[in-house]
1. Among the β-branched types (Val, Ile, Thr), outside any loop (DSSP other than H, G, I, E, B), modelled with pLDDT under 95 and under 12 Å from the mean Cα position of the chain (by Cα): is that true of residue 36 in this structure?
2. Quick check, is residue 56 crowded, with 18+ Cβ neighbours inside 10 Å and either at pLDDT 95 or above or part of a loop (DSSP other than H, G, I, E, B) (or both)?
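The values are calculated or read from the model by the stated rules, or taken from the named source; none is laboratory data. Source: prediction; values computed, not measured. Because the Cβ atoms are built from the backbone with ideal geometry, glycine has one as well, and the counts that use them run over all protein chains shown.
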Amino acid sequence: MPDFDAETIPRVNGILQLEDYTFMDALIHWDSVILVFTEKECRHCDRVIGIFEKEVAAINNIKETEVAFVNCQSEKEVCAYMHITSFPTIRYIYK
């Protein structure tokens, strides 16, 4: 397995898009991450996504906190590992 390169994780509107194979490395790499677990066709998820997209720059400046989205329809392993059962779910992970 190659070394983790944080720059290779895709971002949309400044927000990390985590996948099953990048999730644990991202948590190890960053000291503070706001995780937003979503699902397609979820009205509440769309609202939360919009709020985070507007505020991502301000959030990223708070002690270098990253915002990351996880799509639970495609990233089932991560969502099962984190025991995500409803959407949207927001978790704050810090060291």
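1. no
2. When the stated conditions are applied, residue 56 does not pass them.
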